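Below is one structure, written out as structure tokens; the observations come after it.
None of the figures in this text is laboratory data; all of them are computed from the coordinates on show. Remember, it's a predicted structure, so these values are computed and weren't measured experimentally. No Cβ is skipped: glycine too gets one built from the backbone with ideal geometry, and neighbour counts run over all protein chains shown.
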Amino acid sequence: MTEPTATTARLDDIADTAARLFLDKGYDAASMADLAAATGLGKSSLYHHLSSKDQLLAHICGRTLDELRGGLDTAASRPEPAGARLAAALDHTIRIALGDVAASNLILTMKPNSETGREVLRERRQVERALADMVAAAQREGAARADVEPLLLTRLVMGTIHGLVAWYRPESSDVQPETVRDAVLALLLAAIRPEDAA
């Protein structure tokens, strides 16, 4: 893996702070002045690392979407039954969401009112389709309930994860992320499991 340059590492630091700011204040409401105050940098220093708030949003979402897609690709290629591959994909998706609640929240609430917003939505739909393909394979195997269409079932799962990142804040919760992840995964797998396997 290529080591990040100092500029890339600094941009990642700025992106982490910005994601939390966007989560707390809202992307549209947060200004570059707010970001400068949150990072302790002047505006001119911020513009040394990025050209616009939209570029920063693309960087924040792109990092998380890359991690998500990579994990789904790995899960899909595992030499295991379809049900096990689906469970691995769900586990990975929940881990990513809990690992970066702010970025995940941005991705799941993105509106198509900018080119970045439209691109994030396109990539989110690709993730949904990849997960829906794994749901369909698990249904054919008999490892997932077949009374709900795969894409709908996938969107219900993503809705649960969306609800999770809307309220869960690891830094202020007395419940550890691992506990939350295990509980959400168990509930999702139980909901997806065929009735006769319950």
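General observations
- The range 58-98 versus the range 22-51: alpha-carbon centroid distance in Å: 30
- ³J(HN,Hα), Karplus 6.51/-1.76/1.60, whole Hz, each residue of the range 55-60, x for Gly, Pro: 5, 5, 4, 4, 5, 4
- With contacts taken as Cα pairs under 8 Å at a separation of at least 6 residues, the range 1-111 carries a relative contact order of 29 percent.
- Karplus-derived HN-Hα couplings along the range 149-161 (A = 6.51, B = -1.76, C = 1.60, θ = phi - 60°), whole Hz, x at Gly and Pro: 4, x, 5, 5, 4, 4, 5, 5, 4, 5, x, 5, 5
- Check: the range 54-160 dipole with +1 on Lys, Arg Cβ and -1 on Asp, Glu Cβ, in debye: 140
- For Glu119 and Ala146, the FRET efficiency from 1/(1 + (r/R0)^6), where r spans their Cβ atoms and R0 equals 35 Å, is about 0.55.
- Rough spin-label spacing in nm, given labels placed 7 Å along Cα→Cβ, for Arg129 and Met32: 3.6
- Placing +1 on the Cβ of every Lys and Arg and -1 on the Cβ of every Asp and Glu, with no other charges, gives the range 97-169 a dipole of roughly 160 debye about its Cα centre.
- Pairs of Cα atoms nearer than 8 Å and 6+ residues apart set the relative contact order; for the range 51-198 it is 28 percent.
- Dividing the Cα radius of gyration of the range 84-198 by its Kirkwood radius returns 0.99 for Rg/Rh.
- Counting only Cα atoms, the chain measures 61, 34, 34 Å along its principal axes, largest extent leading.
- The stretch between Ser77 and Thr109, if pulled fully straight at 0.36 nm per residue, gains 8.6 nm over its current Cα-Cα span.
- Cα long-axis angle, helix 115-141 against the chain (0 to 90 degrees, to the nearest 10): 20
- Share of Cα-Cα pairs in the range 46-118 lying beyond 15 Å, as whole percent: 60
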